[in-house]
Ligand code: 9Z3
């Protein structure tokens with residue numbers, strides 16, 4: 001079986017712009033930690049075909065809101081895929097329905113922010129989420145066909161739908177919601193890299209709210225099988241490389257004045273706060289929101305340099321359908337106010 005050492009000594013082709021034709025991975029590793037440097041990653045991988053369109057839309061949106069003096073939040077949401085084949089039939093996925101991101105987007109819009117919603121294609125979207133991913137009711141069940149050939153909303157649901165539709169139209173008409181998508185890890189990394197640098201011109205007025213579930217492991221392009229892996233060869237053994245630590249340059253280079261909020265997801269309670277604190281120390285950003293897989297919809301821990309606080313829903317609030325994001329976002333807006341005024345977190 002190929003182990004991690006074999007990978008570390010593997011020879012990678014260098015990007016076309018390089019003067020050398022090949023180098024060993026050791027030369028590309030970040031501080032000898034066995035993780036490839038993000039800039040090297042970008043130079044060795046092809047950007048997504050729709051990156052120019054992504055940049056054009058985002059630049060126009062950011063320019064518009066910069067002129068108006070608005071605050072803008074970049075929300076990443078949903079899971080990234082890691083393809084196992086170049087012509088991809090199979091891939092590894094990361095857990096996330098996109099509920100956290102889509103719900104948070106609505107509360108940021110309510111707080112007056114313009115929202116760039118960078119999400120996994122077909123995962124939950126703000127406002128639509130109430131109708132597209134309802135486990136008990138399909139979208140067509142909200143509608144009633146009429147004799148005259150038109151369609152109306154079932155009166156049972158019309159009141160609630162009207163409220164959501166009003167908010168959705170308000171966001172659209174004021175051009176405060178930009179939907180952009182990604183699918184693969186590579187797609188995500190290129191778009192985060194480019195997107196955060198476009199938002200950087202907003203300086204302190206930008207929030208980077210990184211709720212997407214991003215894979216920690218991937219198969220470098222050079223090691224990907226071109227065609228579908230055949231089952232006739234028997235059991236398959238996968239060796240995955242570590243994903244570059246992109247939070248480091250995001251904090252220090254790409255988005256250095258913005259308020260950066262990352263999420264830490266754990267399944268073992270004991271690890272949550274220590275690992276969130278370690279991330280904060282390692283990357284030097286402002287807020288880590290810790291959440292447990294099973295309780296993520298009712299409790300989170302807001303972790304900052306010298307302080308932390310738990311935000312929770314009471315059993316009664318849970319019963320009434322109150323969403324934890326209705327507590328997270330006002331808390332972050334308060335932190336952001338302070339960040340803009342003083343350069344410190346509140
Ligand atoms: C989160 O922790 C999100 O809150 C969830 C939301 C993915 C749990 P849903 O979309 O779930 O509502 O179904 N996101 C970050 C997950 C992540 O990959 N974090 C990395 C880590 O924990 C750091 S970037 O190490």
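All of the numbers you see were taken from the coordinates with simple rules; none came from a lab. The structure displayed is predicted, hence computed values, not measured ones. Using ideal geometry, Cβ is built from the backbone for each residue, glycine included, and neighbour counts are taken over all protein chains shown.
Annotation: extensible slack from residue 344 through residue 275 equals 22.6 nm (criterion: 0.36 nm per residue apart, minus Cα-Cα distance). As a rough guide to protection, the peptides 267-274, 175-182 ranked by mean Cβ packing within 10 Å, highest first, stand as 175-182, 267-274. Across all directions, the shadow cast by the convex hull of the stretch 195-315 built on its C-alpha atoms averages 11.3 square nanometres.
Overall form of the stretch 275-329: prolate. Here a/c, set by the Cα gyration tensor axes a ≥ b ≥ c, is 1.5 or more, and a/b is the larger of a/b and b/c. On a per residue basis, the convex hull of the C-alpha atoms belonging to the stretch 141-250 measures out at 249 Å³. The alpha-carbon positions of the stretch 240-304 define a convex hull whose volume is 101 Å³ per residue.
What is the Rg over Rh value, at two decimals, for the stretch 128-169, using alpha-carbon atoms and the Kirkwood definition of Rh? Intermediate values should be presented prior to the final figure.
Values: Rg = 11.0 Å, Rh = 11.2 Å.
Computed over Cα atoms, the ratio is 0.99.
Each peptide in 49-60, 131-142, 297-308, 282-293 was scored by the mean count of other Cβ atoms within 10 Å over its residues; highest first, the order is 282-293, 297-308, 49-60, 131-142.
Between residue 152 and residue 174, the FRET efficiency from the beta-carbon distance, with R0 = 25 Å, is close to 0.35. For the stretch 30-126, the relative contact order is 27 percent, taking Cα pairs closer than 8 Å that sit 6 or more residues apart in sequence and dividing their mean separation by the residue count. Structural descriptor for the stretch 183-264: relative contact order 52 percent, calculated from alpha carbon pairs under 8 angstrom and at least 6 residues apart. When the chain is treated as a Gaussian network with alpha carbon springs shorter than 10 Å, the biggest mean-square fluctuation among 102, 213, 111 belongs to 111. Here's the picture: a label point sits 7 Å out from the Cα of residue 91 along the beta-carbon direction, and within the stretch 118-134 the residues with their amide nitrogen under 12 Å of it are 120-123.
Shape analysis of the stretch 24-171 yields a ratio of the Cα radius of gyration to the Kirkwood radius, Rg/Rh, of 1.09.
Kindly work out what percent of the DSSP beta bridges joining two residues of the chain are antiparallel, to the nearest 5. Taking every DSSP beta bridge with both residues in the chain, the antiparallel ones total about 40 percent.
Shape class for the stretch 46-93: oblate, because the ratio a/c of the largest to smallest gyration tensor axis (alpha-carbon atoms, square roots of eigenvalues) is 1.5 or more and b/c is at least a/b. Directionally averaged projected area (the chain, Cα convex hull): 22.3 nm².
Each peptide among 41-47, 194-200, 115-121 gets the average number of other Cβ atoms lying within 10 Å of its residues, and from highest to lowest they stand as 115-121, 194-200, 41-47.
Please state the shape class of the stretch 249-346: rounded when a/c is under 1.5, otherwise prolate if a/b exceeds b/c and oblate if not, all from the C-alpha gyration tensor. Because a/c hits 1.5 or more and a/b fails to exceed b/c, the stretch 249-346 counts as oblate. Each Cα pair under 8 Å and six or more residues apart adds its sequence gap; the mean of these over the residue count of the chain is a relative contact order of 18 percent. Quotient of the Cα radius of gyration of the stretch 185-243 and 2.2 N^0.38 Å, N being its number of residues: 1.67.
Taking each DSSP H run with n ≥ 4 as -39500 (n - 2.57) and averaging over every residue of the chain yields -10500 deg cm²/dmol at 222 nm.
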